[in-house]
Each structure stands twice: as C-alpha cells, then as structure tokens.
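One structure is given here, and the rest of the page talks about it.
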Amino acid sequence: QAGEDAPQPLVAALRVASERARYGSNFVRLGLHPGMATTYILPRLVGLPRAAELILTGRLVSGTEAAQFGLANYAVPAGEVLAKAMELAREIAGAAPLAVKWAKDSLVQHTAFDPLPAALLEAHMQSRTSETKDSKEGVKALLQKRTPKFEGR
C-alpha cells in the first residue's frame, strides 16, 4: 500500500505480504511530507538507511522485497496471504497461552515507543507541504497518470 495507508501495517507485530503487492511511502512523489508517524516507525522496522531510501525516493517495493528487508515477515502469493496468516495464528495458538501473552506484553514493553510527537510534527509539515505548488502538481499528475514536474515551490 502506498501513501496514507502505508503506516497502518507498520504497527502490526507480524506481517504477511502478498508477493506482488507494492509497499512504500510515496508522499514525496505527491509533494507531501510523510504522515502518520511514518518517519518514526519505518526506521525502527527496517533501519535508517532503508527507511531513508523508501521515504526520500517514494519508491514502492514488492512484497518479496519488503520481506527481504524486514517490512514483512513473509511474502506469499496473493491467494495465500490469509492462509499463511492463519498458519501463524494456529502456531501461536498452539503455544502456552499465558507464556504467549506475557511474551507479547514484554515485546511491547521493551520496544515501547511514543509516535505521537512524530505524528504531530508530520501533521504540521504535511499541512505546510499540502499548500505548495509542488503538492498540487503531484496530486494532479497522479490523477492524470503522468510524471509530476516539481519546481521546488
């Protein structure tokens, strides 16, 4: 998923991707600053260099590539996504319930983060960039299915 839907799967503990789906953060290709704490969450999942590449280029990657660098746990054919997710769920369900719950609680606690400051900054910056000529051009180009001509204004 691209653009504004991109951050939603980033907060899941386990992610199963379709091999052919496209993932990334294409805000800059629309002339916008990334939003919804993407600049906070994505580096924590894939590392700063890979996050910078995805965010600054706006490049979308396949599910296969997303799994290779940690954006997804698995990449499977589109028709097998639900089956793989259910397989993982059954495997987890087969473990001791309290141990699983407490292990998950520990994972959440030890990796706790507060994306709110990042989300607020991104909302402010996205608001600023949404008023630029480049943003208007980016959205117009998307709707017209052409490459935008950005001017830095």
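Readers should treat all values here as calculations from the given coordinates under stated rules, not as data from a laboratory. Just so you know, these numbers come straight off a predicted model, no measurement behind them. Every residue, glycine as well, gets a Cβ built from its backbone with ideal geometry; the counts of neighbours run over all protein chains shown.
As a proxy for reagent exposure, ranking Thr64, Thr129 by other Cβ atoms within 10 Å from fewest up yields Thr64, Thr129. Relative to the globular-protein estimate of 2.2 N^0.38 Å, the Cα radius of gyration of the range 16-100 stands at 1.28. Taking each residue as 0.36 nm, the span from Ala13 to Ala89 lengthens on full extension beyond its C-alpha to C-alpha distance by 26.2 nm. Counting beta carbons within 10 Å around each of Glu53, Glu19 and listing the fewest first gives the order Glu53, Glu19. Take every pair of alpha-carbon atoms less than 8 Å apart whose residues are at least six positions apart; their mean separation over the length of the chain yields a relative contact order of 29 percent. Taking every DSSP helix (H) stretch of at least 4 residues in the chain, weighting each as -39,500 (n - 2.57) and dividing the sum by the residue count yields a mean residue ellipticity at 222 nm of -16000 deg cm²/dmol. Taken over the chain, the alpha-carbon convex hull comes to 112 cubic angstrom per residue. Could you work out which residue, out of Ala51, Ala17, Ala85, moves most in a Gaussian network model of the chain, that is, has the largest mean-square fluctuation with Cα springs under 10 Å? Most flexible of the set in this elastic network: Ala85.
Calculated FRET efficiency, Arg153 to Leu116, Cβ-Cβ distance, R0 = 22 Å: about 0.10 to the nearest 0.05. Cross-link partners of Lys145 among lysines, defined as those whose alpha carbon lies under 19 angstrom from its own and excluding same-chain residues fewer than eight positions apart: Lys133, Lys136. The GluC sites (Glu not before Pro) of the range 63-153 that meet both conditions, a loop assignment by DSSP and at most 13 other Cβ atoms within 10 Å of the site Cβ, are Glu131, Glu151.
The range 134-148 and the range 23-40 have Cα centres spaced 15 Å apart.
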